Amino acid sequence: MKVGVYIPQVGGAASAQQIARVARAAEAAGFDSLWAFDHVVLRPDQGSDYPYSEDGRFLVPAESAFLEPLTLLTYAAAVTERVELGTAVLVLPMRAPVLHAKLIATLDHLAGGRVILGAGVGWWKEEFEALSMPFDRRGARMDEYLQVLRDLWENERGAFKGEFYDTEGWYCRPQPPRRVPIWLGGNHPRQLERAGRLADGYLANPAMLDTLAEDWDRVRQAASDAGRDASALRLGINRITVLEEGGLEQAAERLGEMRALGFDHAVANLHPATADPEGLLGEFAAAHLSALQGE
């Protein structure tokens with residue numbers, strides 16, 4: 001199993017110096033990946049409920065500094081050489097598809113083929129409105145969005161024409177140096193089927209563990225129904241534990257549980273108050289990482 005860690009992204013911990021320290025320390029310690037998550041604007045009167053907390057409240061205070069994920073990962077790419085760089089998850093339908101095909105391809109080009117695009121359809125209607133993007137039919141637009149990405153990344157010239165998007169005849173260079181893995185998050189039945197039809201993997205979160213077996217079966221069945229190789233799909237989970245002083249044994253146990261469940265990739269949070277990321281990540285790696293990653 002591969003093991004990743006989130007980069008500092010929110011609040012005072014998300015300084016340029018701390019981000020570089022964490023990114024370099026994670027790579028030096030042997031972690032497989034660095035991750036960021038997505039929102040553009042926040043407000044305290046949410047309107048829509050966050051679907052993955054008991055009280056419906058989003059987990060980040062509205063007034064917090066919240067770095068844009070693709071920009072953050074580009075910075076992390078510049079201070080690392082090996083680790084993969086993932087989004088968990090980028091809310092695609094609130095972002096323009098052709099522009100973001102270019103942004104993600106540029107990041108992957110500069111990083112030397114290390115990007116994993118974890119993507120979701122989004123839940124916050126009011127944020128879509130703030131970005132002047134339609135919330136209705138975002139699932140249908142997501143279907144086309146994923147096809148636009150593949151079209152511009154892998155065809156000599158754009159050839160896609162759908163209900164919402166048209167890329168026929170356009171060049172979008174540079175193209176990514178490898179096939180960018182796309183993993184979809186969210187457990188709505190249509191999203192699970194979309195992951196099987198159009199993506200390379202499924203990205204769960206801890207709130208989805210109770211239905212994981214059923215959800216993963218649905219993803220793989222959709223892949224088989226679409227004539228795809230279901231065994232090639234990857235299974236990941238994000239935010240499954242926290243790496244912090246005094247809690248490394250518990251974090252290792254939790255990650256070991258994910259390995260036993262069959263996850264191919266698991267991502268941990270780094271406690272935002274971590275003052276010595278080199279020491280903490282190095283300590284965890286020395287004691288636990290190779291056992292989690294081993295065949």
What is the spin-label model distance, in nm, from residue 269 to residue 28 if the labels are put 7 Å beyond Cα along the C-beta direction? 2.6 nm
Antiparallel %, DSSP beta bridges [both residues in the range 2-293], to 5: 5 percent
Run the reach check for residue 2 against lysines, Cα to Cα strictly under 30 Å, same-chain hits fewer than 8 apart removed. What comes back? 102
Top mean-square fluctuation among 79, 22, 180, Gaussian network model of the chain, C-alpha springs under 10 Å? 79
Two-site label geometry, residue 217 and residue 278: point separation in nm, points 7 Å out along Cα→Cβ: 5.0 nm
Angstrom value of the Kirkwood radius, inverse mean 1/r, which spans all Cα pairs in the range 136-295: 17.9 Å
By a straight-distance test (C-alpha under 20 Å), which aspartates and glutamates pair with residue 125 as possible cross-link partners, with residues fewer than eight away in the same chain excluded? 38, 45, 49, 54, 55, 63, 68, 136, 143, 144
Residue 166-residue 75 FRET efficiency (beta carbon distance; Förster radius 35 Å; 0.05 resolution): 0.60
Restricting to DSSP H runs of at least four residues, report the calculated mean residue ellipticity at 222 nm for the chain, -39500 (n - 2.57) per run over all residues, nearest 500 deg cm²/dmol. -11500 deg cm²/dmol
Could you list, bin by bin from short to long, the percent of Cα-Cα pairs of the chain in 10 Å steps? 6, 27, 37, 24, 5, 0
Just want the ordering: 142, 208, from fewest to most Cβ atoms lying within 10 Å of their own Cβ. 208, 142
In nm, give the distance between the simple-model label positions of residue 147 and residue 109, each being 7 Å from the Cα along the Cα-to-Cβ direction. 2.6 nm
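Just so you know, all these numbers are worked out from the coordinates, no wet-lab data involved. Not measured: the values here are computed from a predicted model. FYI the Cβ positions are ideal-geometry reconstructions off the backbone, even for glycines, and counts take in every protein chain you see.
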